Amino acid sequence: MPIGEAPAPAVPAVERFLSVVEEETITQEKASAADRVKIGRVKEDEKSIDDLLADLFEATQALYDQEDLQAAARLILDLAHDTIPSDAGAVFISDINRMDLFFAAATGPKAEDVLKFRVPMGQGIVGFASQEGVSLAVSDVHKDPRFYANISTALGYETRSILCAPAQVEGRVFGAIELINKKSGSSFTSHEVNLLNYLAHEFADYLINTGQTGE
C-alpha cells in the first residue's frame, strides 16, 4: 500500500481497547450504596476514555500522510506526550538483523544526543518490553533490575520513571514507544498504560501497512 493512503478500518479501532476498562465495572445489582457511587465514577471514566481513544484514532490516521518513518515516529511520540505528559520519550524500531533497537525519534533535553545509541534486544526496560511483548510501567527505575542505565549515565540525564509499550500486532513486535519521567505524579496509571498500548498498536499497524517492519 502506498504510504500516502490510509487503510479503511473494518471495525472501529477503539473497540479493541475498551475491554480492560469494562472489566473494572461492578454490577449495580450486587453493589451497596457506596459501591454505586464508585460505579458512577468508573462509568464516567469509561466515557472519557472512549472519547479520548476515538480522538486518538482520528489523530493517528495522519501517520499515513508523513513523508518518512522518522516523521511518523515523531508524530506518534507527540501524540503520546499530549496524552501522557512526560519529560522525555522515544520511539524505537527493531532491527532483526542486529538484534537490537534503534531510535527513530526522541524528545527531551537530550533528544539529539540519544539518537546515536542502540539498545540490545532484551536489555533494559525497552529491550525487555520488546522481546517479551509486554508493557511496563516502572515508577522507580533504580529499584528495577531491568533498567539499563548506560545511556542515562552517558548523557548525564536522570531517569526516574518509565512507561513502555511494544509496537505489536498479533504477537509480532516491531519496536516500542517509551515515555520517561512522568510530569504529574510519580506513577503511571493503568489507564495511561492502556492509552500508550493503543498508540503503540496503531504505530505497528502503520509499519505493517507501509511495509516498514524491517522483516
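What follows draws every value from the coordinates through simple rules; no lab data is involved. This structure is a prediction, so every number in the text was calculated from the model and none was measured. When we count neighbours, we look across all protein chains shown, and the Cβ atoms used for this are built from the backbone with ideal geometry, even at glycine.
Determine, at each q value in 0.14, 0.21, 0.22 (inverse angstroms), the log₁₀ of I(q)/I(0) that the Debye formula gives when each Cα of segment 119-215 is one equal point scatterer. Taking Cα atoms of segment 119-215 as identical point scatterers yields -0.51, -1.04, -1.11. Taking every alpha-carbon pair in segment 46-153 and binning the separations at 5 Å intervals from zero gives 2, 11, 17, 21, 23, 14, 8, 3, 0 percent. Here the calculated FRET efficiency for residue 134 and residue 95, from their Cβ-Cβ distance with R0 = 35 Å, stands at 0.95, rounded to the nearest 0.05. Across segment 58-209, the relative contact order, built from alpha-carbon pairs under 8 Å that are at least six residues apart, equals 24 percent.
Each Lys and Arg adds +1 at its Cβ and each Asp and Glu adds -1 at its Cβ; summed about the Cα centre, segment 58-209 shows a dipole of about 540 debye.
Counting neighbouring beta carbons within 10 Å and listing from fewest to most, the residues 75, 163 come out as 75, 163.
For segment 110-215, run through the trypsin sites (Lys or Arg not before Pro) and keep only the ones in DSSP coil with at most 15 other Cβ atoms within 10 Å of their Cβ. Don't skip to the end; give the middle numbers.
Details: sites: 110, 116, 118, 143, 146, 160, 172, 182, 183; in loops: 110, 116, 146, 160, 183.
Passing both the DSSP loop test and the Cβ count: 116, 160, 183.
The base-10 log of I(q)/I(0) for segment 140-192, evaluated at q = 0.18, 0.19, 0.27 Å⁻¹, reads -0.72, -0.79, -1.14 [Debye formula, identical scatterers on Cα atoms, solvent excluded].
Residues 190, 86, 130, ranked from the fewest to the most other C-beta atoms within 10 Å, line up as 190, 86, 130.
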